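Report on one structure; see the data block that follows.
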Amino acid sequence: MIHKFMLGGLKIVLDVESGSIHVVDDLAYEGITLLEAGIPLYALGDALRHKYNAAAVKEVVEELRCLINNNLLFSSPAGGNVLKPPEFAVKSLCLNVAHACNLSCRYCFAGQGSFAGESSLMSREVGFKAIDFLLEKSGKRRNVELDFFGGEPLLNFPVIKAVTEYGEKKATAAGKKIKYTVTTNATELAGEKAAYFQEKNFCVVLSLDGRKEVNDYMRPYRDGRGSFSTIEPNMLRFLEERNHENYYVRGTYTSFNLDFSNDVAFLAGRGFKSISLEPVVGGEECEYSLKMEHLPQLAEEYEKVAELYLSYKNTPRAFKFFHFNFDLEAGPCLVKRIKGCGAGTDYAAVTPAGDIYPCHQFVGKEDFKLGKLGGELNEALIQEFGRANVFNKEKCSSCWARYYCGGGCLANAYNKNGDINKNDELGCELERKRLECAIYIKAKERMG
């Protein structure tokens, strides 16, 4: 299988199975198109000579023959699922230390922080048990990760400190290392709290949707006040102290800011260097939801972000865009290529009550409860999540992007279609567009 596309004046061809990327001229692009349509290689010259110079046609046909013979074009598929479901070996644990929040975000999947239940804060004892669980269930992994999450986790800062210090001691004794992350709305990111995260070199994910009017409409305080004027200064002050390293500003775009490239430009202009902007996930009934009719504009917006990325490169406004991180030489391992989402296999979430779920987006959905800290795990459910890979998903088998997205987000699939193996169609289209832009950027960078 191949995938051809044109972007920014370039004609690009991806060989899906080998991962080879070719930037070609008009002649080669038309030749590959004819081969894809079923014309045999030996007849390709005759099919092209009516339009192109004979010597050029001969040269291109030989180049295409060489690429095919070396499995760099129209290479053979892998031949089906040859991997057994992965065992449950936790690499990353999401610790929901606060099922409470001081904001009232309109699109919040966590029910304004309480996950559709009673507001609650995790105790030190549950946090310590979660550390023990992570170290025990990580198997032979030496490096593991812990993400303090919510709600708003800084509402339970004493427990964050206690769990971090407990984790440092336990990890050292176990010969392991824990990398700590906190995902925060930054309303409380100041003073002692900010200083602690700097001291411990936490990776920090900061929630900010972009322009003030966009952010304040979707992410207000509970009394209706906008949050931008509080959080943006907190973020920039915090990031200046760490030289803008080890963080991401993570925003969400909705139907209210379909022109989200302007939010990326705004964030870059304000000095943010690591940016992620995600499409909202919501039911059809939600006024902020994205729909298939929005796809043409959204695709155009991603192209604008790609050009913005290239134009800002090597300038003071240069930035990283999460979805354009693309490594041509050393991409993910085979398991991650066919199963990008680690939910329920190498990733899990723990609630204040000590309940374990495949990820934070499944929290509160009792059918997806994996177990409880200190108890037995639901092995059947773990196996179900382990089998959710690109070879076992009908639409993935014919998708050119399958080895890059690994089958997509299982929570989004369930929330949209009620089945972790039935992907969200719009989400897939957006992922494919982001990948095209990422490939285009790499091609431009290689060409100088």
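Only one of these conditions is not met by Asn423: (1) polar (S, T, N, Q); (2) surrounded by fewer than 22 Cβ atoms within 10 Å (Cβ to Cβ); (3) assigned to a loop (DSSP other than H, G, I, E, B). Which number is it?
Unmet for Asn423, out of (1) polar (S, T, N, Q); (2) surrounded by fewer than 22 Cβ atoms within 10 Å (Cβ to Cβ); (3) assigned to a loop (DSSP other than H, G, I, E, B): (2).
Yes or no: region 182-200 includes at least one residue that is without any contact (Cβ under 8 Å) to a residue 24 or more places away in the chain, more than 30 Å from Tyr221 (Cα to Cα) and out of contact with any Asp or Glu (no Cβ under 8 Å at 6 or more places or on another chain).
no
Based on what the data block shows, is Val16 over 36 Å from the mean Cα position of the chain (by Cα), crowded, with 18+ Cβ neighbours inside 10 Å and among the β-branched types (Val, Ile, Thr)? Steps first, answer last, please.
Values: over 36 Å from the mean Cα position of the chain (by Cα): no; crowded, with 18+ Cβ neighbours inside 10 Å: yes; among the β-branched types (Val, Ile, Thr): yes.
Criteria not met by Val16.
Can you tell me which of Arg219, Arg242, Arg225, Arg250 is free of Cβ contacts under 8 Å to residues at least 24 places away in the same chain, in the same structural domain as Arg270 (by TED's automatic domain parsing) and of a type in the set (Lys, Arg)? Break it down into steps so the answer makes sense when it comes.
Details: Arg219 fails: free of Cβ contacts under 8 Å to residues at least 24 places away in the same chain; Arg242 fails: free of Cβ contacts under 8 Å to residues at least 24 places away in the same chain; Arg250 fails: free of Cβ contacts under 8 Å to residues at least 24 places away in the same chain.
After ruling out the rest, the residue left standing is Arg225.
Would you pick out the residues in region 279-331 that are under 28 Å from Cys105 (Cα atoms), under 21 Å from the mean Cα position of the chain (by Cα), of a type in the set (D, E, K, R) and surrounded by fewer than 16 Cβ atoms within 10 Å (Cβ to Cβ)?
If the condition is that a residue be under 28 Å from Cys105 (Cα atoms), under 21 Å from the mean Cα position of the chain (by Cα), of a type in the set (D, E, K, R) and surrounded by fewer than 16 Cβ atoms within 10 Å (Cβ to Cβ), then Lys291, Glu300, Lys320 are the ones that fit.
So, Glu445, is that one part of a helix (DSSP H, G or I), more than 18 Å from the chain's Cα centre (by Cα), under 26 Å from Ser20 (Cβ atoms) and not hydrophobic (A, V, I, L, M, F, W, C) or not?
On the way: part of a helix (DSSP H, G or I): yes; more than 18 Å from the chain's Cα centre (by Cα): yes; under 26 Å from Ser20 (Cβ atoms): yes; not hydrophobic (A, V, I, L, M, F, W, C): yes.
For Glu445, the condition - part of a helix (DSSP H, G or I), more than 18 Å from the chain's Cα centre (by Cα), under 26 Å from Ser20 (Cβ atoms) and not hydrophobic (A, V, I, L, M, F, W, C) - is met.
Being farther than 24 Å from Ala186 by Cα, touching a strand residue (DSSP E or B) at 6+ places or on another chain (Cβ under 9 Å) and either of a type in the set (A, V, I, L, M, F, W, C) or at pLDDT below 95 (or both) is the filter here; which residues of region 150-175 pass it?
If we filter region 150-175 for residues that are farther than 24 Å from Ala186 by Cα, which is where we start, we get 166, 168-175.
With touching a strand residue (DSSP E or B) at 6+ places or on another chain (Cβ under 9 Å) added as a condition, the list becomes 168, 170-171.
Passing the criteria: only Ala171.
Condition check: modelled with pLDDT of 95 or more, part of a helix (DSSP H, G or I) and either among the aliphatic types (A, V, I, L, M) or not assigned by TED's automatic domain parsing to the domain that holds Leu208 (or both). Does Leu298 satisfy that? Before you say what the answer is, go through the steps one by one.
Details: modelled with pLDDT of 95 or more: yes; part of a helix (DSSP H, G or I): yes; either among the aliphatic types (A, V, I, L, M) or not assigned by TED's automatic domain parsing to the domain that holds Leu208 (or both): yes.
Answer is yes for this residue.
Taking Thr351 as meeting all but one of (1) closer than 30 Å to Lys304 by Cβ; (2) at pLDDT 95 or above; (3) buried (at least 21 other Cβ atoms within 10 Å of the Cβ), write down the number of the exception.
Only one criterion is unmet by Thr351, namely (1).
Does Gly364 satisfy being in contact with a Phe, Trp or Tyr (Cβ under 9 Å, 6 or more places away or on another chain), surrounded by fewer than 18 Cβ atoms within 10 Å (Cβ to Cβ) and not assigned by TED's automatic domain parsing to the domain that holds Tyr302? I'd like the intermediate steps shown before the answer.
Details: in contact with a Phe, Trp or Tyr (Cβ under 9 Å, 6 or more places away or on another chain): yes; surrounded by fewer than 18 Cβ atoms within 10 Å (Cβ to Cβ): no; not assigned by TED's automatic domain parsing to the domain that holds Tyr302: yes.
Taking the combined requirement at face value, the residue does not satisfy it.
Please list, ordered by first then second residue, the pairs with beta carbon atoms under 7 Å, 6 or more apart or interchain, first in region 423-439 and closer than 13 Å to Leu295 by Cβ, second assigned to a helix (DSSP H, G or I) and small (Gly, Ala, Ser).
Short answer, once both residue conditions are applied: Asp424/Ala413; Lys433/Ala299.
The values are calculated or read from the model by the stated rules, or taken from the named source; none is laboratory data. Being a predicted model, the structure only gives us computed values, none of them experimental. Counting neighbours? That spans all protein chains shown, and the Cβs are built from the backbone with ideal geometry, glycine included.
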